[in-house]
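Have a look at the structure below, then the notes.
Just so it is clear, none of the values below were taken in a lab; they were calculated from the coordinates. What you see is a predicted model; the values in this text were computed from it and never measured. Don't worry about glycine lacking a Cβ; one is built from the backbone with ideal geometry, like all the others, and counts go over all protein chains shown.
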Amino acid sequence: MIRSEAREIAFAIIFEKSINDEPVEALIAMSEECGETKFNAFSISLIKGVFDNIESIDKDIESNLKGWSVSRISKTALAILRLAIYEIRFCDDTPDSVAANEAVELAKKYCNEDEPSFVNGIIGAVIKAKS
């Protein structure tokens, strides 16, 4: 499994958690039991990393919103942002540009037509603030 596939799997579970308040481990187990998904170490580390750091990640998102709150972001875009910001802030082996590009590609695939640029803008601001 390539890393972009692992990211897409992680995104799906992060999104699922936003609509299903089961523990993350239960969501992973249910997905595996149904035969829907094959997880690898990278996808599991992304999922757990996001939820271990979700308060910090959401603060990064919130601080880069102008006139919005996290609650106004679609659940799809929020899951993508959480995943990308986790990689940018906590995964030293992922270049920021790769995390940003992967997030925009996920947004193009799963979000409405306006959201990829929104996702890109927030991620760009997070990267800029990190430097």
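Before moving on, here are some points about what is shown:
- Cα shape, region 87-131, gyration tensor, a/c 1.5 rule: oblate
- For the set Lys48/Lys109; Lys66/Lys128; Lys38/Lys128; Lys109/Lys130; Lys38/Lys59, the pairs lying more than 25 angstrom apart at their alpha carbons are Lys38/Lys128; Lys109/Lys130; Lys38/Lys59.
- Gap separating the Cα centres of region 85-131 and region 51-65, nearest whole Å: 13
- Relative packing of peptides 38-47, 59-68 - highest average C-beta neighbours within 10 Å first: 38-47, 59-68
- Separation in nanometres of the label points that stand 7 Å from Cα toward Cβ, at Cys91 and Ser69: 3.0
- Across the chain, Cα pairs under 8 Å and at least six residues apart give a relative contact order of 24 percent.
- Residue-wise HN-Hα coupling along region 81-97, computed from phi with Karplus coefficients 6.51, -1.76, 1.60 (Hz; x: Gly, Pro): 4, 4, 4, 5, 5, 4, 4, 5, 8, 10, 10, 5, 8, 10, x, 4, 5
- Backbone phi angles across region 17-34, fed through the Karplus curve with coefficients 6.51, -1.76 and 1.60 (θ = phi - 60°), yield HN-Hα couplings of 4, 6, 10, 9, 7, 6, x, 4, 4, 5, 5, 5, 4, 4, 5, 5, 4, 6 Hz in residue order; Gly and Pro are listed as x.
- Unit charges on C-beta of K, R, D, E only; dipole of the chain, Debye: 440
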